[in-house]
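A.B. asks: Below: one structure in structure tokens.
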Amino acid sequence: MEFRKDVQEAIWTQLLGLMPERESELKDLWEKYQPKFNLVEDVTRDGKVILDAGLYREVRFNHRSMKLIWLASFVAWEGYCAVDAGWDTQQFELVRFKSLVAVFKKIMDADDPDTVPWPDSLPRPGTLPDATNDVQLRAAAELAIFASGWALLHEIRHIKHQQDGTSSGPYGSKQELHDEEFSCDAFAAEFILEQVEQFAGSEGVDASRVRQKREMGLLHAMFALSMLTIERWGDSVSHPDTLSRIHRGLNIIGTTVEKDSLKCSCMSFIALSAIYPNSPQPFTVDE
Ligand SMILES: [Zn+2]
């Protein structure tokens with residue numbers, strides 16, 4: 001696999017930008033495990049949506065997987081807005097939501113995802129809209145960066161398992177494989193949340209606000225996970241079912257989560273269930 005310095009730098013910059021308070025731990029991880037990030041083609045012999053880790057230090061991803069995580073954040077945001085607007089009457093205007101989900105599926109399935117027209121109303125992947133004029137788009141974009149950060153940290157934990165000798169390995173039992181997935185999910189969520197207070201203290205900002213943003217980022221990661229496993233939400237030999245992964249994610253986010261954040265996320269999942277009645281529904285609605 002081709003070594004691209006710019007790709008290594010982009011991942012480092014993204015993770016450090018998300019959690020500046022963890023710079024020394026990120027440095028230690030990089031020094032000890034030397035993860036190598038490989039931007040692979042949009043179609044490989046292993047499939048189309050690539051985001052995995054193997055061979056002790058190789059993390060692989062493609063433009064397609066990153067594009068999908070980015071788009072999923074805007075799908076989540078649109079779902080929340082549509083369900084929130086129709087909550088009182090329980091009449092949801094989901095035309096736009098459905099069209100974004102359709103684009104998502106096309107990008108997932110197309111041989112060349114660049115041939116799928118990108119929605120005019122959304123920023124291109126990696127482009128941050130103006131924080132003053134496009135507040136909502138900006139919020140969804142920032143949450144998308146957390147969601148892809150979570151996914152990358154998940155893969156880094158696989159590398160750590162492999163080098164530490166704690167990986168299930170490709171021939172582990174189903175339970176061992178699933179346990180490793182849960183462990184990687186947990187590592188990524190904890191890494192993002194654990195030292196919020198330290199960051200807030202050093203920046204002189206309100207820790208609860210920082211925490212709320214990061215929790216929302218993780219909720220968007222859980223939504224992206226549902227989208228990436230669309231219509232195959234049950235377990236496989238290698239992966240636990242999506243709902244179990246989301247439930248565990250929610251447990252880590254814990255009881256401190258802001259009610260507003262939960263409400264937003266709950267509404268995104270409700271919108272998805274309007275198209276896919278069997279989609280994961282991690283929340284119970286008690287209003
Ligand atoms: Zn994994």
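A.B. asks: With the cut-off at 20 Å, report for segment 1-160 the share of all Cα pairs above it, as a whole percent. List each step's numbers first, then the result.
C.D. replies: Values: 7174 of 12720 pairs.
Every Cα pair in segment 1-160 considered, those over 20 Å come to 56 percent.
A.B. asks: Report Rg (one decimal) and Dmax (nearest whole number) for segment 132-207, counting Cα atoms only, units Å.
C.D. replies: Looking at segment 132-207, its Cα Rg and Dmax stand at 16.6, 52 Å.
A.B. asks: If you don't mind, there's one more thing I want to ask. For segment 13-55, which chymotrypsin sites (Phe, Trp or Tyr not before Pro) are in a loop by DSSP, counting at most 10 other Cβ atoms within 10 Å? Before the final figure, lay out the partial values.
C.D. replies: Details: sites: 30, 33, 37; in loops: none.
Passing sites in segment 13-55 do not exist.
A.B. asks: Here's another thing I want to ask about it. Could you grab the relative contact order for the chain? Cα pairs under 8 Å, six or more apart, rounded to a whole percent.
C.D. replies: Once divided by the residue count of the chain, the mean separation gives 21 percent.
A.B. asks: Pick out, from 156, 184, 262, the residue whose Cα sits farthest towards the positive end of the charge dipole of segment 127-275, with +1 on the Cβ of Lys and Arg and -1 on the Cβ of Asp and Glu.
C.D. replies: With unit charges placed on the Cβ atoms, the residue in question is 262.
A.B. asks: Using alpha carbon coordinates only, what is the Rg to Rh ratio of segment 127-275, with Rh defined as the Kirkwood radius? Present the calculation step by step, with values, prior to reporting the outcome.
C.D. replies: On the way: Rg = 16.4 Å, Rh = 16.5 Å.
On the Cα set of segment 127-275, Rg over Rh gives 1.00.
A.B. asks: Still on this model: Please list, in chain and number order, the residues 5+ apart from residue 38 or on another chain whose amide H is under 5 Å from its amide H, with Hs placed from the backbone.
C.D. replies: 59, 60, 61
A.B. asks: Just need the relative contact order of segment 158-218 here, percent rounded to a whole number, with Cα pairs under 8 Å and 6+ apart.
C.D. replies: Once normalised by length, the contact order is 21 percent.
A.B. asks: Right, here's the next one. Could you run the Karplus curve 6.51 cos²θ - 1.76 cosθ + 1.60 with θ = phi - 60° over segment 168-174 and give me ³J(HN,Hα) per residue in whole Hz, x for Gly and Pro?
C.D. replies: 5, x, x, 10, x, 5, 4
A.B. asks: Then there is this: With a cut-off of at most 10 other beta carbons within 10 Å, and DSSP calling the residue loop, which chymotrypsin sites (Phe, Trp or Tyr not before Pro) in segment 154-208 qualify? Please list them. It would help to have the intermediate numbers written out before the result.
C.D. replies: Numbers: sites: 171, 182, 187, 191, 199; in loops: 171.
Filter output for segment 154-208: 171.
A.B. asks: Further, regarding this structure: Using +1 on the beta carbon of Lys and Arg, -1 on that of Asp and Glu, and nothing else charged, what's the dipole of the chain about the Cα centre, debye to 20?
C.D. replies: Magnitude of the dipole: close to 340 debye.
A.B. asks: Please compute the net charge surrounding residue 240, taking Lys and Arg as +1 and Asp and Glu as -1 over other residues with Cβ under 13 Å from its Cβ.
C.D. replies: Details: positive: 174, 232, 245, 248; negative: 176, 179, 180, 181, 185, 235, 241.
For residues surrounding residue 240, the net value is -3.
A.B. asks: Across 10 Å bins from 0, what is the distribution of all Cα-Cα pair distances for the chain, in whole percents?
C.D. replies: Percent of pairs per bin, in order: 6, 28, 38, 23, 5, 0.
A.B. asks: Nothing charged except the Cβ atoms of Lys and Arg (+1) and of Asp and Glu (-1): what's the magnitude of the dipole of segment 127-275 about its Cα centre? Round to the nearest 20 debye.
C.D. replies: Computed about the Cα centre, the dipole is about 240 debye.
A.B. asks: Turning to a different aspect of this structure: Need one word for segment 83-196: rounded, prolate or oblate. Basis is the Cα gyration tensor (sqrt eigenvalues a ≥ b ≥ c); a/c below 1.5 gives rounded, then a/b vs b/c decides.
C.D. replies: In terms of gyration-tensor shape, prolate.
A.B. asks: Among the trypsin sites (Lys or Arg not before Pro) in segment 227-282, which ones are in a DSSP loop with at most 13 other Cβ atoms within 10 Å of the Cβ? Mind listing them?
C.D. replies: Sparse-neighbourhood loop trypsin sites (Lys or Arg not before Pro): 232.
All of the numbers you see were taken from the coordinates with simple rules; none came from a lab. From a predicted model like this one, the values you see are computed outputs, not experimental measurements. Quick reminder, even Gly has a Cβ in these numbers, built from the backbone with ideal geometry, and neighbours come from all protein chains shown.
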